[in-house]
Amino acid sequence: MAGKPGSSSRPLRVAIVGAGPSGFYAAGALLQQKEIHVSIDIFDRLPTPYGLVRYGVAPDHQKIKSVTKVYERTVRDSRVRYFGNVGLGEEIVHADLKNYYDQIIYATGASSDKQLNIPGEELAGSFSATEFVAWYNGHPDFADRDFDLSVESVAIIGVGNVAMDVTRILAKSYAELAETDIADYALEKLRDSRVKRIHVLARRGPAQAKFTNPEIKELGELAEADVIINPIDLILDEVSQASLESDRTATRNLETMQELAERGATGKPKQIHFHFLRSPVELCGDRAVKSMRMEVNELHPTESGYITCDGIGRFETLDVGLVFRSIGYRSVPIPGVPFYDKWGIIPNEKGRVTATHKGEVVPGEYVVGWAKRGPTGVIGTNKPDSVETVAAMMEDVKNLTPVTDANAAPGAIVALLKERGADYFTFEDWLKLEAIEDERGKAQGRPRVKFTSEAEMLAAVQK
Ligand code: NAP
């Protein structure tokens, strides 16, 4: 017997599934605590680490991406290893994790999206914003998507920060995009884009918009696009007006929207039109979207203080050739791991996975990030979220059922991966790939030129 799990002779073996922000913050919190000796393996189904920082954060928001330096420090710790290109449900399955790790953390995020559930949603030209975001960020699973940017009018449903990202990317000039790390194929496609009008639909009013202030401000600074807001839409009802008193973001957003409304059209070639109190009710067209029917809404305060909206039976039609629903992400179930379909998350109690919503705790299994709490918050929100889960894990160490010492040996999982023929990516492999991307970027005055296919990534580091 090598010792109790968590001792120096038998460190606690932890698997983290998913190398995005929440996974790295969990690893960081495990390293930081002083009581338990840990040995951590981080898995990701893609060769590349960093999840949404690489494939979600907009390519023109490079500063946000510098957070990867923190994650890099974490993975360089001798107690941490990285195994990229190893998918749960592919090269390894749930039962393997249970056999080789004392504790498992799911940091698998929310890779799918919510549906509008309206007629015509399945027509060609109707997409989720998540697909478009993953495409322009060079996510290997989305690199072959085709968006018809020969249309002149596009609708974006929802007014969160993802909607703002998509709006900006569609509205930016080639010169603006060419200095980012947007995927090469997307840069080329957007260069030839004929999109002129971007209609942004908010089902509620301007005081309920979910975007943050820098994002709406950025729309007012675009080289080739004017923002069009009808000043009448910014006249608030009493309840919305009162809600501003406790909401600084909404107050600032309103001020920015006032400025944009006053400025109006200045003759730039593209226009971003905001439509408040409008819900799409049908996408129309034979095979592809040609127009969108929308219903006018009215706001209703509820007892909880939340302001909801209802259609008033008045309808309008917008001619649009592309529709992006940007109404929120959603996690996807993992075989062998509980899933609460109603909320689209792994059910949990402060990060401890439960068999059902509010059900029994599943020993040894934990969750962090969007898979834990749903798709809300910025990257930094994941830090306290992961710290909470790690605190629960540490509390549970004294009662855990450990894996065998033979399986806990760090070489055991490596042997299993080799036996399965997994071409796993080490962190050193990633550093090699990153250096090539950076080098290619330098040559073009860009932060990096991304590899967008897994086969190319493997070939580049001679796997
Ligand atoms: P979000 O902030 O939750 O926004 C979703 C939007 O969709 C809301 O305007 C919501 O309206 C609307 N919506 C939901 N269901 C709808 C329906 N059935 N019909 C019409 N509209 C509907 O989500 P997100 O934009 O996907 O962003 C996810 C998280 O990532 C957020 O926390 C966001 O701040 C963060 N993020 C941050 C950045 C950044 O920091 N730059 C960038 C991207 C994402 P209601 O309010 O009426 O529900």
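The values are calculated or read from the model by the stated rules, or taken from the named source; none is laboratory data. Since the structure is predicted, the reported quantities are computational estimates derived from the model, not experimental observations. We place every Cβ from the backbone using ideal geometry, glycine too, and count neighbours over all the protein chains shown. The protein model used for the area step is the full one, side chains on, heavy atoms only, and it has no ligands, DNA or RNA in it. Shrake-Rupley method; radii C 1.70, N 1.55, O 1.52, S 1.80 Å.
Structural remarks
- Total residues in the stretch 283-324, condition under 28 Å from the mean Cα position of the chain (by Cα) and either among the aromatic types (F, W, Y) or closer than 23 Å to L170 by Cα (or both): 11
- Residues satisfying the stated conditions in the stretch 278-314, i.e. open to solvent by less than 30 Å² (accessible area, probe 1.4 Å) and not in a strand (DSSP E or B): V289
- Sole residue being modelled with pLDDT under 95 and out of contact with any His (no Cβ under 8 Å at 6 or more places or on another chain), chosen from S304, S291, S279: S304
- Qualifying residue in the stretch 99-106 (condition: assigned by TED's automatic domain parsing to the domain that holds V414 and assigned to a helix (DSSP H, G or I)): yes
Residue-wise test of (1) within 16 Å of the ligand (Cβ to nearest atom); (2) farther than 16 Å from D113 by Cβ; (3) over 23 Å from the mean Cα position of the chain (by Cα); (4) open to solvent by less than 70 Å² (accessible area, probe 1.4 Å).
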site	(1), (2), (3), (4)
S326	yes, no, no, yes
Y340	no, yes, no, yes
E349	no, yes, no, no
V353	no, yes, no, yes
E360	no, yes, yes, no
P363	no, yes, yes, no
V367	no, yes, no, yes
A371	yes, no, no, yes
G374	yes, no, no, yes
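Yes or no, residue by residue, for (1) touching a Phe, Trp or Tyr at 6+ places or on another chain (Cβ under 8 Å); (2) over 30 Å from L277 (Cα atoms):
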residue	(1), (2)
Y306	no, no
E316	no, no
F324	yes, no
I327	no, no
P338	no, yes
E349	no, yes
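- Filter pass, V337 being at pLDDT 95 or above and in a loop (DSSP other than H, G, I, E, B): yes
- A single member of A155, A129, A124, A163 is within 16 Å of the ligand (Cβ to nearest atom) and in contact with a Lys or Arg (Cβ under 8 Å, 6 or more places away or on another chain), and it is A129.
- Residue satisfying all of: in the stretch 191-206; basic (K, R) and near the ligand (Cβ under 10 Å from one of its atoms); least open to solvent (accessible area, probe 1.4 Å) among these: R204
- You will find that of K69, K98, the residue that is more than 16 Å from the ligand (Cβ to nearest atom) and touching a residue at least 40 places away in the same chain (Cβ under 8 Å) is K98 and no other.
- Scanning the stretch 232-250 for residues that are away from the ligand (no atom under 16 Å from the Cβ), open to solvent by less than 60 Å² (accessible area, probe 1.4 Å) and more than 18 Å from V296 (Cα to Cα) gives a single hit, A242.
- Criterion violated by M257 - all others in (1) of a type outside the set (D, E, K, R); (2) out of contact with any strand residue (DSSP E or B) (no Cβ under 7 Å at 6 or more places or on another chain); (3) under 26 Å from G125 (Cα atoms) satisfied: (3)
- Of the residues making up the stretch 166-179, those that are open to solvent by 20 Å² or more (accessible area, probe 1.4 Å) and either aliphatic (A, V, I, L, M) or within 16 Å of the ligand (Cβ to nearest atom) (or both) number 3.
- For the stretch 403-463, no helices (runs of 4 or more DSSP H) sit wholly inside it while including 2 or more residues that are polar (S, T, N, Q).
- Residue in the stretch 217-231 that is surrounded by 15 or more Cβ atoms within 10 Å (Cβ to Cβ), more than 11 Å from the ligand (Cβ to nearest atom), farther than 21 Å from A265 by Cα and of a type in the set (A, V, I, L, M) present: no
- Those residues of the stretch 251-277 which are of a type in the set (K, R), within 16 Å of the ligand (Cβ to nearest atom) and assigned to a loop (DSSP other than H, G, I, E, B), in sequence order: none
- Residues satisfying the stated conditions in the stretch 151-167, i.e. among the small types (G, A, S) and not in a loop (DSSP other than H, G, I, E, B): S153, A155, A163
- Residue within the stretch 379-388 that is open to solvent by 30 Å² or more (accessible area, probe 1.4 Å), of a type in the set (S, T, N, Q), closer than 23 Å to Q62 by Cβ and more than 16 Å from the ligand (Cβ to nearest atom) present: no
- Picking from residues in the stretch 1-57 that are closer than 22 Å to E131 by Cβ and open to solvent by 30 Å² or more (accessible area, probe 1.4 Å), the one that is farthest from the ligand (Cβ to nearest atom) is R45.
- Of residues in the stretch 58-84 being in a loop (DSSP other than H, G, I, E, B) and open to solvent by less than 20 Å² (accessible area, probe 1.4 Å), the one nearest to V337 (Cα to Cα): A58
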